[in-house]
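**Q** Can you read through this structure? Questions will come right after.
The values are calculated or read from the model by the stated rules, or taken from the named source; none is laboratory data. Nothing here was measured: the structure is a model prediction, and the numbers come from that model. Glycine also receives a Cβ, built like all others from the backbone with ideal geometry; neighbour counts cover every protein chain displayed.
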């Protein structure tokens with residue numbers, strides 16, 4: 001076959017071989033020579049080389065190094081210089097025990113492939129061979145032969161796979177951020193600008209997740225070129241994707257440091273990026289009444305109870321809160337407990353205030369300001385105390401008026417009717 | 001006309017059973033007395049006076065309120081309280097016209113005086129009383145009937161003018177009363193009626209004990225002048241005598257007691273009782289009627305009293321006015337019953 005080809009299209013074959021070498025080995029030819037050769041070849045093949053040509057089976061990188069348990073994917077190309085179309089079946093030989101290999105075309109595993117006439121590298125169907133070494137693969141060199149057989153075609157491709165546990169890729173994928181530790185008060189939305197670099201030779205899709213976030217926290221990943229948060233991001237070979245990681249702590253988070261681990265996983269890599277969220281403490285105190293009703297009715301000189309609720313609105317426990325009241329002259333305001341020893345963050349305690357207006361307080365409204373405070377926080381509750389008279393005095397008025405009427409009736413009875 | 005009264009009374013007695021004489025004679029006398037008043041020129045003059053007063057005060061209130069609103073709109077410093085606007089119809093005066101409240105406080109006592117000053121002694125002088133008591137009626141029906149008839153007229157007059165002020169004010173300004181405002185105005189009018197009835201009772205007291213109508217008229221006017229003007233002067237003099245405030249030291253020590261004594265002496269006067277009660281009723285912002293120290297005002301918030309609380313402030317005034325009225329009427333009643341009429 002080789003002889004025949006050489007006889008019939010010796011010149012064209014020489015040129016074609018030169019072209020193949022240029023494509024596979026990436027030898028740089030001068031521009032003019034290549035263009036010339038290209039034109040020559042086409043003319044020659046179309047006019048002269050009818051009949052069976054040469055079928056070549058090739059890949060870009062026939063020799064690779066992988067780790068035990070690692071995988072490698074070879075992109076395969078099949079070219080044909082002849083006019084014959086053929087269908088070939090694919091097989092692999094020399095695959096060591098425990099290794100797994102599979103041909104893949106489009107999205108399926110394939111076992112046969114069709115070769116068109118004058119098929120060039122660009123026209124080759126998207127075919128690949130993925131090879132997975134077992135975890136216990138021994139160090140050494142393995143030779144695997146891929147075969148395409150069918151009809152008159154019998155092409156081979158030798159793969160040289162070296163297993164090296166210490167293998168370091170030329171570039172390892174990276175997942176980094178400039179500011180791994182951030183701090184702020186509760187309610188802050190922390191934002192980490194991260195960079196995910198794909199240093200492998202292939203396009204990868206990384207699935208993103210965060211570990212170690214307490215319950216109620218929300219972590220989202222938003223690539224810079226996408227509007228919405230996503231859980232996976234595709235990164236082209238050699239490219240870098242900027243991902244904004246937003247961490248929203250829960251509302252009632254207490255102060256402290258929270259380490260999180262951001263992970264980006266793809267087929268061959270598990271990238272981890274530890275970050276620290278530091279929630280700074282905030283003190284807050286709110287004094288109010290449980291019902292929200294801030295008005296109290298009271299009688300002059302008589303004690304009236306008002307229930308107050310003191311709430312710790314910060315995220316740090318408050319201790320030794322003292323209660324004080326500011327009221328008018330001669331008024332007495334006491335509390336069932338003058339000091340609250342401890343209110344945990346986010347919780348509230350009820351206190352009863354005993355308000356005694358002065359004996360000579362005039363009718364109407366007075367302001368009583370109750371203050372709960374310690375060294376770091378303080379809050380006021382303005383109560384409006386309405387001083388009232390007992391309705392009983394109205395009864396006294398009616399009794400006196402009735403007595404007057406009876407008195408008049410008695411006078412009329414005694415002196416009248418003459 | 002008094003003959004007719006006696007005639008109708010006797011007619012009522014002739015027709016009725018013996019047991020019902022009292023009520024029959026009283027109602028006949030009451031109705032006759034009312035008819036006499038309503039048809040008399042004196043009553044027409046009072047009525048014209050009261051109506052003129054009402055019209056003037058409504059005009060004054062409407063112009064006063066509108067100018068106050070204008071001032072508040074022009075000058076942000078001028079404060080205008082938009083609460084209880086309906087009550088302002090009664091308490092606001094114009095530039096030179098007093099409010100309804102102050103006009104009624106002035107004219108009210110005269111209504112009572114004019115209706116009562118000659119009720120007994122003029123009939124005695126004309127000899128008609130003599131004939132009246134010779135009829136088979138209880139004698140106390142005469143004085144009770146006269147008092148009740150005059151009180152009814154006073155009540156009708158005051159209630160109608162008070163309601164007229166409210167209606168005219170509503171037509172002019174569009175201010176509708178809230179329930180509380182309406183009740184406050186009504187209670188205020190009841191106090192006014194009671195106050196005028198006190199002066200009616202005083203005038204009748206004088207007419208029982210004096211022989212001539214002119215004497216009783218002068219005596220009642222003198223009493224009114226005393227309570228309206230001289231009582232406050234007297235109270236001031238007495239308070240200064242007991243708690244002198246001539247030097248700075250005395251002022252520092254005695255000022256509070258001086259004021260309290262002055263106030264309590266003034267409260268003996270029905271004139272003062274009435275004005276205090278009406279100002280509390282018509283101004284809900286009034287929180288106290290006694291002297292208030294600065295200590296009591298610390299922390300006080302400006303606000304309004306509820307109606308019930310306002311009433312609790314002024315119930316002693318109601319009792320006081322009622323007691324004074326009953327006392328005056330009881331004395332005149334006893335005096336009338338013990339008088340020898342037939343021989344006079």
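**Q** When you check residue A:316 against the structure, is it within 14 Å of another protein chain (Cβ to nearest Cβ), in a loop (DSSP other than H, G, I, E, B) and touching a residue at least 24 places away in the same chain (Cβ under 8 Å), yes or no?
**A** no
**Q** Among (1) within 11 Å of chain A (Cβ to nearest Cβ); (2) out of contact with any helix residue (DSSP H, G or I) (no Cβ under 7 Å at 6 or more places or on another chain); (3) under 30 Å from residue B:139 (Cβ atoms), there is one condition residue B:323 misses while meeting the rest; what is its number?
**A** With respect to (1) within 11 Å of chain A (Cβ to nearest Cβ); (2) out of contact with any helix residue (DSSP H, G or I) (no Cβ under 7 Å at 6 or more places or on another chain); (3) under 30 Å from residue B:139 (Cβ atoms), residue B:323 is out only on (2).
**Q** Take the conditions in contact with a helix residue (DSSP H, G or I) (Cβ under 6 Å, 6 or more places away or on another chain), buried (at least 20 other Cβ atoms within 10 Å of the Cβ) and within 24 Å of residue B:51 (Cβ to Cβ) and apply them to residue B:151. Does it pass?
**A** yes
**Q** Of the residues A:329, A:356, which is within 11 Å of chain B (Cβ to nearest Cβ) and either surrounded by 18 or more Cβ atoms within 10 Å (Cβ to Cβ) or modelled with pLDDT under 90 (or both)?
**A** A:329
**Q** I need the full set of residues from the stretch A:370-385 which are within 14 Å of chain B (Cβ to nearest Cβ) and surrounded by 20 or more Cβ atoms within 10 Å (Cβ to Cβ), in order please.
**A** Hits for the stretch A:370-385 are A:370, A:383, A:385.
**Q** Another question, if that's okay. Mind checking whether some residue in the stretch A:287-295 is touching a strand residue (DSSP E or B) at 6+ places or on another chain (Cβ under 7 Å), within 14 Å of chain B (Cβ to nearest Cβ) and surrounded by fewer than 20 Cβ atoms within 10 Å (Cβ to Cβ)?
**A** Within the stretch A:287-295, one or more residues are touching a strand residue (DSSP E or B) at 6+ places or on another chain (Cβ under 7 Å), within 14 Å of chain B (Cβ to nearest Cβ) and surrounded by fewer than 20 Cβ atoms within 10 Å (Cβ to Cβ).
**Q** Give me the residue from the stretch B:258-284 that is over 15 Å from the mean Cα position of the chain (by Cα), within 14 Å of chain A (Cβ to nearest Cβ) and touching a residue at least 40 places away in the same chain (Cβ under 8 Å) and, out of that set, farthest from residue B:108 (Cα to Cα).
**A** B:284
**Q** For the stretch A:387-411, which residues satisfy the criterion of being within 10 Å of another protein chain (Cβ to nearest Cβ) and under 30 Å from residue B:338 (Cβ atoms)?
**A** A:400, A:401, A:403, A:404, A:405, A:407, A:408, A:410, A:411
**Q** Ok, one more. For the stretch B:64-106, how many residues meet the condition of being assigned to a helix (DSSP H, G or I) and either more than 30 Å from the chain's Cα centre (by Cα) or within 16 Å of residue B:163 (Cα to Cα) (or both)?
**A** Matching residues across the stretch B:64-106 total 18.
**Q** Quick test of your reading of the structure: residue B:315 fulfils all but one of (1) in contact (Cβ under 8 Å) with a residue 40 or more places away in the chain; (2) in a helix (DSSP H, G or I); (3) at the interface with chain A (Cβ under 10 Å from one of its Cβ atoms). Name the failing condition by number.
**A** Result: residue B:315 fails condition (1) only.
**Q** Scan the stretch B:330-344 for residues that are modelled with pLDDT of 90 or more and more than 7 Å from every other protein chain (Cβ to nearest Cβ) and jot them down.
**A** B:331, B:332, B:335, B:336
**Q** Being surrounded by fewer than 20 Cβ atoms within 10 Å (Cβ to Cβ) and either more than 9 Å from every other protein chain (Cβ to nearest Cβ) or out of contact with any strand residue (DSSP E or B) (no Cβ under 9 Å at 6 or more places or on another chain) (or both) is the filter here; which residues of the stretch B:303-312 pass it?
**A** Result: B:307, single match.
Here is a yes/no grid of residues against (1) closer than 30 Å to residue A:74 by Cα; (2) touching a helix residue (DSSP H, G or I) at 6+ places or on another chain (Cβ under 7 Å); (3) modelled with pLDDT of 85 or more:
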| site | (1), (2), (3) |
| --- | --- |
| A:182 | no, no, yes |
| A:207 | yes, no, yes |
| A:210 | no, no, yes |
| A:226 | no, no, no |
| A:249 | no, no, yes |
| A:258 | no, no, yes |
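**Q** Checking the structure you have, find out if any residue of the stretch A:339-349 is under 52 Å from the mean Cα position of the chain (by Cα), within 14 Å of another protein chain (Cβ to nearest Cβ) and either surrounded by fewer than 20 Cβ atoms within 10 Å (Cβ to Cβ) or touching a residue at least 40 places away in the same chain (Cβ under 8 Å) (or both).
**A** no
**Q** I would also like to ask the following. Looking at residue A:307 and the list (1) assigned by TED's automatic domain parsing to the domain that holds residue A:188; (2) part of a strand (DSSP E or B); (3) more than 25 Å from residue A:212 (Cα to Cα), which single condition is not satisfied?
**A** Unmet condition: (1).
**Q** Can you tell which of A:353, A:345, A:325 is outside any strand (DSSP E or B) and touching a strand residue (DSSP E or B) at 6+ places or on another chain (Cβ under 7 Å)?
**A** The unique qualifying residue is A:345.
**Q** I've got another one for you. Kindly indicate whether residue A:181 is over 29 Å from residue A:61 (Cβ atoms) and either in the same structural domain as residue A:273 (by TED's automatic domain parsing) or under 19 Å from the mean Cα position of the chain (by Cα) (or both).
**A** Considered against the rule, which asks whether it is over 29 Å from residue A:61 (Cβ atoms) and either in the same structural domain as residue A:273 (by TED's automatic domain parsing) or under 19 Å from the mean Cα position of the chain (by Cα) (or both), residue A:181 comes out as yes.
**Q** Tell me the residue from B:300, B:295, B:255 that is at the interface with chain A (Cβ under 9 Å from one of its Cβ atoms) and either out of contact with any strand residue (DSSP E or B) (no Cβ under 8 Å at 6 or more places or on another chain) or at pLDDT 90 or above (or both), please.
**A** Among B:300, B:295, B:255, only B:295 is at the interface with chain A (Cβ under 9 Å from one of its Cβ atoms) and either out of contact with any strand residue (DSSP E or B) (no Cβ under 8 Å at 6 or more places or on another chain) or at pLDDT 90 or above (or both).
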